[in-house]
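Novice: Got a structure for you, questions after.
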């Protein structure tokens, strides 16, 4: 059971599970591309966005010897994966944090028998739970083994890409180049960035967050096909933020869920779980309408003050008494992200098929919302979507 389903069912259940650390190795590889893939394309590709999908796509194009450039809006790569170092003695995932599948997916994403993927992973199966309902704090700890995922032990999703993919593509990434226009009306595609610079290529792969497409922040010429516009309109892209607070002592459980929040991902959790650290770090993962109470505040300081006050009310002032430092990652206010990740209606597979359909053999799409072969709304799903897009692109 994944976290979003777990939150819906937690009101009456709990669990007690052990955790272990395992070293991900390069054995048991699976390939996301056919062994007999026929590469018919030898032109130039522009990749829009250096998030998980964009980095994976670039990594694959480099493998096939295809010329490419990445236009990234931000000053760094990563997109919705972001690392915070130096906060405590382990790195913090400010963006994508959980591994919502078998960790071997990272071996599959690298897809190279000559590369040893060695990453220390923990099984994330919290032991202690509390529910705050109608002002009453209750423990819910039963031995039902129904929720378990994976997390990084001493590294992050950002480190995975930075170590295994970015060295191959770093010299092709153009930072601080937000794309404002894509003209595919001619023989070649012409891309305009916010600096007024024009870039030409034979094909373009768009990997920006769904919010950028939904809000028409890129001017397509001709406009996107009607079926794509209608498909985008069916996808929700709710607000989100993450907060991490360090305390001098631990007064909270592995997971705390507050009343009225079971239909949303709104989770307070021990961010140091399984990290071999003496630091006490509490994380807040809040997405959906409940997140608006935080994301609409004027400053990070206001967010921290609000959360501290809420924790004080629950734990009789212990939060303020033991508080050391905090950091806020408000993804809803990031200008090139503007929210969380895709939430689909029923029957969403046909929506994905519509979104990923190339336009005129020149404009392709990938990203966490466009994975037709596995999970959406995940880091690994974004990477998998790049494999699908590149397979189409190189064969055309």
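Novice: Please determine whether any residue of the stretch 176-197 is in contact with a helix residue (DSSP H, G or I) (Cβ under 8 Å, 6 or more places away or on another chain) and either free of Cβ contacts under 8 Å to residues at least 60 places away in the same chain or more than 30 Å from residue 42 (Cβ to Cβ) (or both).
Specialist: Our first condition is that a residue be in contact with a helix residue (DSSP H, G or I) (Cβ under 8 Å, 6 or more places away or on another chain); within the stretch 176-197, this holds for none.
No, every residue in the stretch 176-197 fails to be in contact with a helix residue (DSSP H, G or I) (Cβ under 8 Å, 6 or more places away or on another chain) and either free of Cβ contacts under 8 Å to residues at least 60 places away in the same chain or more than 30 Å from residue 42 (Cβ to Cβ) (or both).
Novice: Among the residues of the stretch 198-217, which ones are free of Cβ contacts under 8 Å to residues at least 40 places away in the same chain and either within 25 Å of the chain's Cα centre (by Cα) or over 22 Å from residue 77 (Cα atoms) (or both)?
Specialist: Across the stretch 198-217, the qualifying residues are 213, 214, 216, 217.
Novice: Among the residues of the stretch 362-396, write down those that are part of a loop (DSSP other than H, G, I, E, B) and either closer than 12 Å to residue 203 by Cα or free of Cβ contacts under 8 Å to residues at least 12 places away in the same chain (or both). Don't jump to the end; show me each part of the working.
Specialist: As a first pass, look at the stretch 362-396 and keep what is part of a loop (DSSP other than H, G, I, E, B): 362, 366-378, 396.
Selection gives 362, 396.
Novice: What is the number of the single condition among (1) modelled with pLDDT under 95; (2) crowded, with 16+ Cβ neighbours inside 10 Å; (3) over 21 Å from the mean Cα position of the chain (by Cα); (4) closer than 28 Å to residue 86 by Cβ that residue 267 does not meet?
Specialist: Here residue 267 meets the rest and fails (3).
Novice: Can you pull out every residue in the stretch 275-304 that is over 21 Å from the mean Cα position of the chain (by Cα) and on the phi > 0 side of the Ramachandran plot?
Specialist: Across the stretch 275-304, the qualifying residue is only 276.
Novice: For residues that are closer than 20 Å to residue 275 by Cα and part of a strand (DSSP E or B), scanning just the stretch 105-140, find the one that is modelled with the lowest pLDDT.
Specialist: 129
The values are calculated or read from the model by the stated rules, or taken from the named source; none is laboratory data. Only a predicted model underlies this, so the values are computations on that prediction, with no experimental measurement involved. Reconstructed Cβ throughout: ideal geometry from the backbone, glycine too, with neighbour counts over all protein chains shown.
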